[in-house]
Amino acid sequence: MTDSQKSSNAMWGGRFASGPDAIMEAINASISFDKRLYAQDIRGSRAHAAMLAAQGILTHSDAEAIREGLLTVLSEIEKGDFPFSTALEDIHMNVEARLKALIGEPAGRLHTARSRNDQVATDFRLWVRDQCDLVLKAIEGLQRALLTQAEAGAEWVMPGFTHLQTAQPVTWGHHMMAYVEMLARDAGRFADARRRMNESPLGAAALAGTSFPIDRFATAEALGFDRPMANSLDAVSDRDFALEFLSSAAICAVHLSRLSEELVIWSSAQFRFVALSDKWSTGSSIMPQKRNPDAAELIRAKIARILGSTVALFTVMKGLPLAYSKDMQEDKEQVFDAADTLELALAAMTGMISDLTVNRDKLEAAAASGFSTATDLADWLVREAGLPFRDAHYVTGVLVAMAEKRGVDLPDLTLADMQSVNPAITEDVFRVLGVHNSVASRQSYGGTSPVQVRAQIARWREILR
C-alpha cells in the first residue's frame, strides 16, 4: 500500500482494507476548490476546541495546543507555505493532518463530538455569510455611483422606452434611480438570506447529534451565529442557504445584465447617449474607428454563469434524501463561481457608471422624437376638455397620424390643425407638448419630474449615509 493510500485509509479507519485507486481519489477529492474554506474551517475548529475544553471534554492544555497549532496552520496557508494534499481529500483533513504534524496527539482529540458533515456545513455557511456581507457592500457602492449620476441629470430629459420604442419623456435621473431601487431589493434579498442562514450546524455531528455534553449555544455565539440549528438532520443536510444565495445572486445578475444591455445600446453610434471611458472600452484589431463596450458585454455574458450555477445546485439537491449525501460536495464550486462572478460584475459596473459621460443634447433630441408627448396631449384632453380617456386617445391618435403624414412632431401642428379634429382644443394645449413640460408635470409619487427625482435622491442619500 502506498503512503498516499495509508494516509487516506487513516481517515476512514479500519473498515477499509485498501485505499482508493487514482480515479476514485480524483473524483472523491475536493481540496482543489474547498481549500477556499480554510479560514472558516480553522475558525470553526478553534470555537469547537474552546467549547470542548469549557465542557471538560478536552483538557485546557490540549485545547491550548490545538489553538496555537491552528494559528500556525492559518499562517502557513496565508503565506502560501501550506502543503495541500489530494490524498487527504478536503480542507478539513488537510488542516487536521497538518495540525497533527505540528502538535502530535492532541490534534486527534479535536474531532471529538463532531463529524465532517457538520464541519463542512458550518464552514460553508460561514463562507456564504461572509459573501453576503461583501455583496451588500458592493451593491451599496454601485447605488452610490448611480445616485451621483442621477443627481447630475435630475433635469436632463431623455426618451422613456417600452418595447425599445419611444414612449414618454423621462429624466436621466429618474432612469438611474430605477436601478437604485432594483439594487435595493437585491440587497434586501441578500440581507434576508444572511439572517436566515445565521444558525449554526456545528454539534449536529454526522446526523443525529452527539452523546458528549457539548454546548452548541457557546459555539454558535463564538462564530457569530444567532443560535444553533434545532434539528441535527436538517443541520447537516441543509443547503437552502446556498440556494438562497444563488437565487439572490441570479436576480441581481439579471439587473446588471439589463443595465449592461442599455449601456451597449446607448453607447452605439446610432444612439450616442453615453460614452464609456477608455478604461471600460476596447478597440478593434482591424477597424480603427471602433470603440467597443466590452466590459458591459462581458458582464452581460458572465451573468449566464450565475444563472447556470443556480440551476445546477437546484438540480443537485432536488432528489436527495435526508441526511448527508456525497452529492453535496458539488455545491461549493457552483457557489464559489457565482460569488466570484457577481463580485466582479458589480465592481465593473460601478466603475463604468462612475466614469460614464452622458451626452445631454443627444438625450434631449431623442426625447422629443417619436411623438413622445402624445400621452400628455391625451391627458390634457381629459383634464381640460372633459373628454373620456378613450375618446381622448382616439383624438390624439388622429393628430399623431396627421403629424406623421406631414413629417412633423405634435408641437409643430397649428392650433387650427388640432381644432379641425376636436374644436375643444385651445392654445393652452401647447404648454404640455414640450418634453420639459411633460416631465415637469409628472408630479405623482415616484414620477419622473425633477422635483420627485430629487426627493428620491435625498431619501436614498439618507438611507445610505
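Length available on full extension from A424 to A230: 0.36 nm per residue minus the Cα-Cα distance, which gives 62.6 nm.
Sort 332-339, 404-411, 266-273 by packing, meaning the average of other beta carbons within 10 Å per residue, with the highest value first.
Working: 332-339: 21.1, 404-411: 13.9, 266-273: 15.6.
Result, highest mean first: 332-339, 266-273, 404-411.
Estimated at the nearest 10 Å², the accessible area of S248 is 0 Å² with a 1.4 Å probe. Projecting label points 7 angstrom from Cα along Cα→Cβ for R465 and Y445 puts them 2.1 nm apart. Annotation: peptides 197-209, 356-368, ranked by per-residue average of other Cβ atoms within 10 Å with the highest first, follow the order 197-209, 356-368. Spin-label pair A304-Q270: with each label point 7 Å from Cα along the Cα-Cβ axis, the two points sit 2.2 nm from one another.
Please report, as a whole percent, how much of the solvent-accessible surface of region 320-465 comes from carbon and sulfur atoms (probe radius 1.4 Å). Of all accessible area on region 320-465, carbon and sulfur atoms account for 54 percent.
Can you tell me the FRET efficiency between A416 and H436 if r is taken as the Cβ-Cβ distance and R0 is 35 Å, rounded to the nearest 0.05? The formula returns an efficiency of 0.90 here. When nucleic acids and ligands are ignored and a 1.4 Å probe is applied, F430 ends up with an accessible area of around 50 Å².
Note on K137: aspartates and glutamates with a C-alpha under 20 Å away, same-chain residues under 8 apart excluded, are E181, D186, D192, E244, D337, D340, E343, D355, E462. For the pair region 70-129 and region 164-195, the centres of their Cα atoms are 42 angstrom apart.
My understanding is that a pair violates if its Cα-Cα distance is over 32 Å; which of K279/K318; K100/K318; K79/K332; K79/K318 do that in this structure?
On the way: K279/K318 43 Å; K100/K318 38 Å; K79/K332 24 Å; K79/K318 39 Å.
Listed pairs above 32 Å: K279/K318; K100/K318; K79/K318.
Which shape class applies to region 370-464: rounded if a/c is under 1.5, otherwise prolate when a/b exceeds b/c and oblate if not, where a ≥ b ≥ c are the square roots of the Cα gyration tensor eigenvalues? Here region 370-464 falls in the prolate category. The residues of the chain have, on average, 46 Å² of accessible surface per residue, using a 1.4 Å probe with all protein chains present.
The values are calculated or read from the model by the stated rules, or taken from the named source; none is laboratory data. Here the structure is a predicted model, which means the values were calculated and not measured. Cβ coordinates were reconstructed from backbone atoms using ideal geometry, including for glycine residues, and neighbour counts include every protein chain displayed. Keep in mind that these areas ignore ligands, DNA and RNA; they rest on the heavy atoms of the full protein, side chains included. Shrake-Rupley method; radii C 1.70, N 1.55, O 1.52, S 1.80 Å.
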